[in-house]
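Every number in this text was worked out from the coordinates using simple rules, so none of it is lab data. Predicted model only: the values in this text are computed from it and were never measured. Here the Cβ is made from the backbone with ideal geometry for all residues, glycine too, and neighbour counts use every protein chain on show.
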Amino acid sequence: MLNILLIIVLQLIYVPIYTLRTLFLVKNITVLAAIMGIIETLIYVFGLSLVFNGDKSIISMIVYSIGFGIGIILGTKLEQKLAIGYIIVNVNTQMKNSELVRTLRENGFGVTLYTGEGMNSDRYRMEILTKRNRERELIATVERFEPKAFIVSYEPKRFQGGYFLNKLK
């Protein structure tokens, strides 16, 4: 019974570490990814040895798999809490909302405003680069001023130069 409990605990540690290592690799944080890889491998090998040593019971294998599945959920929640990296948020509005732009800038968001041709009239697009952990705050601010705004966010792979980049570091 102790082995079964240990197997699930190891999986609940192993899979979130695996998730973070993958995230760090994608974001080019290689030293931290390597450290996580070492820890991940030690836990993985130890966990598998528990499953395949002794009586090699089907219960151990099922618990190992269930632990992996639950670990994925935990790893995803952890990654969302950490919110490492940056996002670009494009906000499209029908009206030029100077008060919204001013409020965003006062709250530390860098905003570039563009005017474009919509189907029936001019449209206004704000391009905002910010840390991922501020995405909800940003969107809540936009929705307070422009409830009908069209909002798209995505993660940039690489960026350089510009006024706001110095503030991000």
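Projected label points at Thr41 and Lys96, each 7 Å from Cα along the beta carbon direction, are separated by 5.8 nanometres.
Taking a virtual spin label 7 Å from the Cα of Met1 along the C-beta vector, which residues in segment 53-87 bring their backbone nitrogen under 11 Å of it? Answer for this model: none. Extension gain for Ser57-Lys131 works out to 22.0 nm (0.36 nm per residue, less the C-alpha to C-alpha distance). Structural descriptor for segment 1-51: relative contact order 45 percent, calculated from alpha carbon pairs under 8 angstrom and at least 6 residues apart. Does the chain come out rounded, prolate or oblate, given a ≥ b ≥ c as the square roots of the eigenvalues of its C-alpha gyration tensor, rounded meaning a/c under 1.5 and, failing that, prolate meaning a/b above b/c? It is prolate, given that a/c is not under 1.5 and a/b is the larger ratio.
Measuring r between the beta carbons of Ser49 and Ile88 and using R0 = 45 Å, the FRET efficiency lands at 0.50. Dipole magnitude for the chain: computed about the Cα centre from +1 point charges on Lys and Arg Cβ and -1 point charges on Asp and Glu Cβ, it is near 360 debye. Dividing the summed helix terms, -39500 (n - 2.57) for each DSSP H run of n ≥ 4, by the number of residues in the chain produces a 222 nm estimate of -19500 deg cm²/dmol to the nearest 500. Taking R0 as 45 Å, what's the FRET efficiency between Glu106 and Leu12 from their Cβ-Cβ distance, rounded to 0.05? With a Förster radius of 45 Å, E is 0.60. For segment 88-99, backbone phi angles converted through the Karplus equation (6.51, -1.76, 1.60; θ = phi - 60°) give residue-by-residue couplings of 10, 10, 9, 10, 10, 10, 8, 10, 7, 9, 4, 5 Hz, Gly and Pro being listed as x. With the charge dipole of the chain set up from +1 on Lys and Arg Cβ and -1 on Asp and Glu Cβ about the Cα centre, the Cα lying farthest toward the positive end among the listed residues Phe68, Thr112, Leu10 is that of Thr112.
Only Cα pairs under 8 Å and 6+ residues apart enter the sum, and on that basis the relative contact order of the chain stands at 23 percent.
With the Cα gyration tensor of segment 27-71 giving a ≥ b ≥ c as the square roots of its eigenvalues, does the rule (a/c under 1.5 for rounded; else a/b larger than b/c for prolate; else oblate) give rounded, prolate or oblate? Taking the square roots of the gyration eigenvalues as a ≥ b ≥ c, segment 27-71 is oblate.
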